[in-house]
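Engineer: So that we are looking at the same thing, I have put the structure below in C-alpha cells.
The values are calculated or read from the model by the stated rules, or taken from the named source; none is laboratory data. It should be emphasised that the depicted structure is a prediction, and the values quoted were computed from it without experimental measurement. No Cβ is skipped: glycine too gets one built from the backbone with ideal geometry, and neighbour counts run over all protein chains shown.
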Amino acid sequence: MLASCSPSTPPPPALGACARATFILANPAGLLCLDDSANVLGRVVELPPTAAPALPSLSFDRKQVLFALTKGSDPKTGFGTDIYAVNLDGTDLHAVVAHESENVFYDTPRYDPTGAFLYFHRNAAIVTNGTYVGNESTIERLNVKTGERSRILTNAADPSLSPDGKLLTFVHLTKDGQSDNIWTANSDGTNAHVLFKDTFFYVQAPRFSPATGDIVFSAAGHTAPKASDRYLPHGAHLGIPSEIFGVKADGTGLRSLAQTGDDTFPAWSLDGSRLAFVSTGGFFEMSMTDFSIKTLASGQNFFFGDIAWLK
C-alpha cells in the first residue's frame, strides 16, 4: 500500500533531522533527510536556490555526506559542477573538489574504506579552435593526506568501490562518450577489463554490495533471465525498457532483477539485504532475498534522485 505523498517542497533544515533519518535523497528539492518510510524529515543543509545536488555518498566514518553540486556560472571558472561535503548535522558545508574551468563537471565521490583516498568522475568539454568536439571523461583519485591527485582511468564514469577497497567497478565509455558496458579494475586503475561480454543500449550506476561484493546496475536494451515475475510498470530509456541487473564480481550470473520504469541509481542497504531507488514518482525498496518490491512513498520528490542509505 502506498504511503501518503511527500510534499514537493520539503521543510527547511531541522536540528537532528538526519540523526533520525534512514536515507538521504539528492534531487532538485535539495539534500533531503528521509525516515524508513521515505517521509521527508527536512533538508540536511540549505543550498543556494539555483543549486542542484546529485549522487550523494557517505564519508568513510559516516559523519559527512559528499555530493556533486551544480550552481550558477562562477565569474572565474564558468559553469560546472563541484564536489561538496557537509556534516550530517548540516554544519561545515564546503567544496572538496572545485571545477577549474568552464564546462568541467565532477561527480560520484567515493571514499575508500580507510578514508585515505577519494575517487570521483571528471567530465570536461573538449573545445578546439572555439568548436566543441567532444568530452574527456576520466576517473581520478585524490590522496586525502598529501593532496596528490592522479588520473587512473580514461573513458570511464560512475565509479564504485568493493567493500575491501581493492576493486573499482565503473561504466566504460566509447570514444564518442556513449556508455559501453560495465568494467572493473584494481583500485589504482590497473587491470581494467570488461566485466562480462554482453550488449546493452545504455548502462549506468554500477554499485558494489557492501556485504557480498556482488554488483547491481541500471541498464536498458537487453533481455536477460528474470529473477522474479514481479515488476514495476513498464518504462523506457528513449523508448527502450530500463531494468536493474545483478551480476557477480567475477562477471558470472548476469540476471535482470526488476523493471524500474526509467533509468535509476540503485542504493544498497548497509547489510546488502535490500536496494532502494526512485523512479516514476515513487520511492521503492527491493528485497535481495526474494526480489519483492514495495513502494514506500510517492509524490513529486520521487521522479528523479539519488540515494545514500544511512542505516
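Engineer: Please work out which one of (1) over 27 Å from SER209 (Cβ atoms); (2) in contact (Cβ under 8 Å) with a residue 60 or more places away in the chain; (3) among the small types (Gly, Ala, Ser) is the condition SER162 fails and give its number.
Structural biologist: (1)
Engineer: Related question: Is the range 157-167 home to any residue that is surrounded by fewer than 20 Cβ atoms within 10 Å (Cβ to Cβ), within 18 Å of the chain's Cα centre (by Cα) and within 20 Å of THR81 (Cα to Cα)?
Structural biologist: No, every residue in the range 157-167 fails to be surrounded by fewer than 20 Cβ atoms within 10 Å (Cβ to Cβ), within 18 Å of the chain's Cα centre (by Cα) and within 20 Å of THR81 (Cα to Cα).
Engineer: Moving to a separate point now. For the range 184-205, does any single residue satisfy the condition of being under 14 Å from the mean Cα position of the chain (by Cα) and free of Cβ contacts under 8 Å to residues at least 60 places away in the same chain?
Structural biologist: Yes, there is a match, as at least one residue in the range 184-205 is under 14 Å from the mean Cα position of the chain (by Cα) and free of Cβ contacts under 8 Å to residues at least 60 places away in the same chain.
Engineer: Okay, next question. Quick one: count up the residues across the range 60-81 that are of a type outside the set (Phe, Trp, Tyr), crowded, with 17+ Cβ neighbours inside 10 Å and closer than 26 Å to PRO210 by Cα.
Structural biologist: The number of residues fulfilling the criteria is 5.
Engineer: Also: Filter the range 177-194 down to the residues that are under 15 Å from ASN155 (Cβ atoms) and modelled with pLDDT of 95 or more, then identify the one that is surrounded by the fewest Cβ atoms within 10 Å (Cβ to Cβ). So that I can check it myself, show each step before the final result.
Structural biologist: First pass over the range 177-194, keeping only residues under 15 Å from ASN155 (Cβ atoms): 177-185, 189, 192-194.
Pick out the ones that are also modelled with pLDDT of 95 or more and you get 182-185, 189, 192-194.
Values: ILE182: 27, TRP183: 20, THR184: 23, ALA185: 20, GLY189: 20, ALA192: 18, HIS193: 9, VAL194: 13.
Across the range 177-194, the extreme among qualifying residues is HIS193.
Engineer: Select, from GLY213, GLY134, the only residue that is closer than 26 Å to LYS71 by Cα and surrounded by fewer than 20 Cβ atoms within 10 Å (Cβ to Cβ). Spell out the reasoning first.
Structural biologist: Details: GLY213 fails: closer than 26 Å to LYS71 by Cα.
After ruling out the rest, the residue left standing is GLY134.
Engineer: Would you confirm, using the coordinates I've provided, whether ASP92 is over 25 Å from VAL171 (Cα atoms) and at pLDDT 95 or above?
Structural biologist: Values: over 25 Å from VAL171 (Cα atoms): yes; at pLDDT 95 or above: yes.
Yes, satisfied.
Engineer: Which of the residues belonging to the range 72-95 are assigned to a strand (DSSP E or B) and touching a strand residue (DSSP E or B) at 6+ places or on another chain (Cβ under 8 Å)?
Structural biologist: So the first thing to find is which residues in the range 72-95 are assigned to a strand (DSSP E or B), and the list is 74, 78, 80-87, 94-95.
Correct list: ASP74, GLY80, THR81, ASP82, ILE83, TYR84, ALA85, VAL86, ASN87, HIS94, ALA95.
Engineer: Now for a different question. Which one of these is hydrophobic (A, V, I, L, M, F, W, C), in contact with a helix residue (DSSP H, G or I) (Cβ under 9 Å, 6 or more places away or on another chain) and surrounded by 16 or more Cβ atoms within 10 Å (Cβ to Cβ): VAL104, VAL45, VAL40?
Structural biologist: Working: VAL104 fails: in contact with a helix residue (DSSP H, G or I) (Cβ under 9 Å, 6 or more places away or on another chain); VAL45 fails: in contact with a helix residue (DSSP H, G or I) (Cβ under 9 Å, 6 or more places away or on another chain).
On inspection, the qualifying residue turns out to be VAL40.
Engineer: How many residues does the range 22-64 hold that are hydrophobic (A, V, I, L, M, F, W, C) and over 19 Å from the mean Cα position of the chain (by Cα)? Outline the logic, then answer.
Structural biologist: At the first step, the residues of the range 22-64 found to be hydrophobic (A, V, I, L, M, F, W, C) are 23-26, 29, 31-34, 38, 40-41, 44-45, 47, 51-52, 54-55, 58, 60.
Adding the requirement that they be over 19 Å from the mean Cα position of the chain (by Cα) leaves 40-41, 45, 47.
Number of matching residues: 4.
Engineer: Continuing with this model, one more query. Could you say which residue among THR174, THR252, THR199 is surrounded by fewer than 17 Cβ atoms within 10 Å (Cβ to Cβ), at pLDDT 90 or above and not acidic (Asp, Glu)?
Structural biologist: Details: THR174 fails: at pLDDT 90 or above; THR199 fails: at pLDDT 90 or above.
The unique qualifying residue is THR252.
Engineer: Cβ-Cβ below 7 Å, separation at least six or inter-chain, first residue in the range 67-94 and within 19 Å of PHE120 (Cβ to Cβ) and among the acidic types (Asp, Glu), second modelled with pLDDT of 95 or more and not in a strand (DSSP E or B): which pairs?
Structural biologist: Short answer, once both residue conditions are applied: ASP82/ALA98; ASP82/HIS99.
Engineer: Out of ALA51, ALA116, ALA98, which single residue is within 19 Å of PRO210 (Cβ to Cβ), surrounded by fewer than 19 Cβ atoms within 10 Å (Cβ to Cβ) and either in contact with a strand residue (DSSP E or B) (Cβ under 8 Å, 6 or more places away or on another chain) or at pLDDT below 95 (or both)?
Structural biologist: Numbers: ALA51 fails: within 19 Å of PRO210 (Cβ to Cβ); ALA98 fails: within 19 Å of PRO210 (Cβ to Cβ).
The match here is ALA116.
Matching residues to (1) closer than 17 Å to ALA205 by Cα; (2) touching a Ser or Thr at 6+ places or on another chain (Cβ under 8 Å); (3) among the small types (Gly, Ala, Ser):
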| site | (1), (2), (3) |
| --- | --- |
| ALA125 | no, no, yes |
| THR131 | no, no, no |
| ARG141 | no, yes, no |
| SER160 | yes, yes, yes |
| ASP164 | no, no, no |
| SER179 | yes, no, yes |
